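These notes concern the structure reproduced below.
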Amino acid sequence: MKSHEICINHGSDFSYVGIDAILEQMRRKAMKQGFELNIMVVGQSGLGKSTLMNTLFKSKVSRKSVQPDPEERIPKTIEIKSISHDIEEKGVRMKLTVIDTPGFGDQINNENCWQPIMKFINDQYEAYLQEEININRKKRIPDSRVHCCIYFIPPTGHCLRPLDVEFMRRLSKVVNIVPVIAKADTLTLEERDFFKQTIREELRANGIDVYPQKEFDEDAEDRMINDKIREMIPFAVVGSDQEYQVNGKRILGRKTKWGTIEVENIAHCEFAYLRDLLIRTHMQNIKDITGSIHYEMYRVRRLNESNADPSAHDPSAHPDVQPKANGQPNGQPGGVQANGVAAQHEALSHEM
């Protein structure tokens, strides 16, 4: 009856076909299925990772909020812990998974501390691939792939540490990285601007492409929007899940002796820009790049390995790929391209 009514409503317009109804069909289907978003937070202890995630989604979604442990110790090795929540807003349902990495950067010797995180990301790609190649695969494959990694930079005001450079250089090849300056209220505005400019120069000098990557801009409009975002990266953020009354309005903020820092006020910090990027404007694009670029690179490499060696379907049967002196891993397929991204990107992407 509904479709008949639609036809009647447009009966007077002889030229109307009804193609625009596809948007409403897609909306209804998406509303039924719901959405999934998997965010990883990486940084040393004390940088406000849990607080920022609670601030982003205005609910207790962090690991510490859900599983408080007053005697929590610093892990001797990196532990990967994830917690999932079902969030609903105006009828839209989303399964949010927050992946925490306690222990990262907290040791005296942090050499190779990125490896467990790299392994976790690749393990999620592998799990998705195994579901995908099943003969009787599920109609909707559960998606545990990491869509975005928020990397927390300490507010030193000087430059990136070797740990920061090494982590982002390696992980930016396998996951969308969004760097943020944590607890930015500890810097003056002049210090903050200088620090942001220094970080952008260091990212450029080290060939680190953080999200949104230039080569994935689809058109001139995308490029214009993303260029503005790239000029702001890294976002200088302040997180808080405490509410205060300011001029009769409820705000999220941090109270100090000299006033209240309003988290969502762009004159105070850049949290609002980060939230808009992750949730309001680029969430679907972040997921699309994860599936069509990062996961695709992993899939091509694994299937090439499987064709060359039937036992390669079992990733545990193969040791980690060892890089050659020129940075190219042994046994990587050459010349393969996906969506215009060169195979060199793939070769560097998933080395362990």
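The values are calculated or read from the model by the stated rules, or taken from the named source; none is laboratory data. Computed from a predicted model, the values in this text were never measured in an experiment. All Cβ positions, even for glycine, are placed from backbone atoms using ideal geometry, and neighbour counts span all protein chains on display. Surface accessibility is based on the protein's heavy atoms, side chains included, excluding ligands, DNA and RNA. Shrake-Rupley method; radii C 1.70, N 1.55, O 1.52, S 1.80 Å.
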Q) Applying the selection to the stretch 229-263, what residues are under 27 Å from His282 (Cα atoms), assigned to a loop (DSSP other than H, G, I, E, B) and of a type in the set (Lys, Arg)? A) none
Q: Would you be able to say whether some residue in the stretch 131-149 is farther than 16 Å from Gly43 by Cα, in a helix (DSSP H, G or I) and of a type in the set (Ser, Thr, Tyr)?
A: no
Q: Filter the stretch 264-290 down to residues that are in contact (Cβ under 8 Å) with a residue 12 or more places away in the chain, part of a helix (DSSP H, G or I) and charged (D, E, K, R) and give me whichever is farthest from Leu189 (Cα to Cα).
A: Lys287
Q. Of the residues Val175, Val180, which is part of a loop (DSSP other than H, G, I, E, B) and aliphatic (A, V, I, L, M)?
A. Val175
Q.
For the stretch 78-102, which positions are without any contact (Cβ under 8 Å) to a residue 40 or more places away in the chain and either open to solvent by less than 70 Å² (accessible area, probe 1.4 Å) or touching an Asp or Glu at 6+ places or on another chain (Cβ under 6 Å) (or both)?
A. Ile78, Glu79, Lys81, Ile83, Ser84, His85, Ile87
Q.
Against the definition (open to solvent by 20 Å² or more (accessible area, probe 1.4 Å), β-branched (Val, Ile, Thr) and at pLDDT 90 or above), how does Ile19 come out, yes or no?
A. yes
**Q.** Residues of the stretch 225-253 classified as within 17 Å of Leu187 (Cα to Cα) and modelled with pLDDT of 90 or more, total
**A.** 8
Q. Considering the stretch 262-277 alone, what residues qualify as being of a type in the set (Val, Ile, Thr) and surrounded by 20 or more Cβ atoms within 10 Å (Cβ to Cβ)?
A. Val263
Q.
Going residue by residue through the stretch 214-224, is there one that turns out to be of a type in the set (Phe, Trp, Tyr), modelled with pLDDT of 95 or more and within 24 Å of Val175 (Cα to Cα)?
A. no
Q) For the stretch 228-259, how many residues are under 24 Å from the mean Cα position of the chain (by Cα) and in contact (Cβ under 8 Å) with a residue 40 or more places away in the chain? A) 12
Q: Looking at (1) closer than 28 Å to Thr51 by Cβ; (2) out of contact with any Lys or Arg (no Cβ under 6 Å at 6 or more places or on another chain); (3) open to solvent by less than 40 Å² (accessible area, probe 1.4 Å); (4) not hydroxyl-bearing (Ser, Thr, Tyr), find the lone condition where Ile293 falls short.
A: (1)
Q: Please indicate, with yes or no, whether at least one residue in the stretch 190-204 is in contact (Cβ under 8 Å) with a residue 40 or more places away in the chain, of a type in the set (Ser, Thr, Tyr) and surrounded by fewer than 22 Cβ atoms within 10 Å (Cβ to Cβ).
A: yes
